[in-house]
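The values are calculated or read from the model by the stated rules, or taken from the named source; none is laboratory data. Here the structure is a predicted model, which means the values were calculated and not measured. FYI the Cβ positions are ideal-geometry reconstructions off the backbone, even for glycines, and counts take in every protein chain you see. What goes into the accessible areas is simple: the full protein's heavy atoms, side chains included, and nothing from ligands, DNA or RNA. Shrake-Rupley method; radii C 1.70, N 1.55, O 1.52, S 1.80 Å.
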Amino acid sequence: MRVGALGALLSAVFVGLAAAALALEAWLPVAAAVIGGVNGVLSGWRGIYDWSCRDGFIAFVLDSTWSIVMTAAAVFANGVALVQRDAGYVPQLSERKNQHVHERGFMPRKGFAITLGNVIGGAGDPGLARKRKLVTDHESVHCWQARWFGPLYPVLYVGWLVLGGAVGAVWWAAARRGDSFPKVVETASYYLNPFEWWAYSRHGYWPPKGKVADMGWQRPCCRPLAEVRAPATEPAGPVTR
């Protein structure tokens, strides 16, 4: 009797889980369509996608498909900004730039910009050259990281934050010298995060002076975007008369 009751219970649990999985599978396309539609309407209204070149088409397709998880986060960030009186939407850094930029908007950490999908919050005063560069050469890199890595991006990014923080804590406890505990943990979890290393390198700001503990890699992983954009100078040819 007990075995029969246990079997019935296990069968009920299995059927319930299977039904839940089927329901979730059925609703996922609907949720993705709604998220993609909201992003499309808001992005079309603001004219963020650059349809004059392939980047705009690629950004739109990825935002609507492979990167739909990060687009959901972007819809959330846009929603937060829309209900704020002082979000400070920045058209000059958004229109045809494949991104939504806010001076404030969703920014859980004061003084730090944050990018969720195609939405950048906490960008600061766009009248300052250093703030504009922060957007174009750092935060925009995160927009494209989210697109290329899609659903893997939040898993990899957050996973590094957690594991890196743990490694930093062990490192500090073992060394017991030099930098403070918060600085070591932040360096290991945030600054040494490969996605941040990539963005800071593109920004031409690696390593961030005074912010990174004496650990990890010291060289940038790639060329700054300012150098990539600079027109190549052709070597002078022989002088002919």
_Qualifying lysines (Cα of each under 27 Å from Cα of residue 97; at least 8 residues distant if same chain)_ = 110, 131, 133
*residue 31-residue 65 pseudo-label distance in nm [points 7 Å out on the Cα-to-Cβ vector]*: 2.1 nm
*Please check which bits of region 107-133 a label hung off residue 95 would reach, taking the label as a point 7 Å along Cα-to-C-beta and the cut-off as backbone N under 17 Å.*
126-127
*Quote the relative contact order of region 70-178 in percent (integer), defining contacts as alpha-carbon pairs under 8 Å separated by 6+ residues.*
21 percent
*How high is the FRET efficiency from residue 84 to residue 110, r the C-beta distance, R0 22 Å, rounded to 0.05?*
0.90
_Just to confirm a number: summing +1 for Lys and Arg and -1 for Asp and Glu over residues other than residue 57 whose beta-carbon lies under 14 angstrom from that of residue 57, what do you get?_
0
*Accessible area of residue 221, 1.4 Å probe, to the nearest 10 Å²?*
60 Å²
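Report the full-extension gain for the segment residue 227 to residue 51: residue separation times 0.36 nm, less the Cα-Cα distance, to one decimal in nm. Intermediate values should be presented prior to the final figure.
Working: separation 176, 0.36 × 176 = 63.36 nm, distance 2.54 nm.
Answer, rounded to one decimal: 60.8 nm.
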*Within a Cβ distance under 11 Å of residue 90, other residues only, what is the Lys/Arg minus Asp/Glu net charge?*
+2
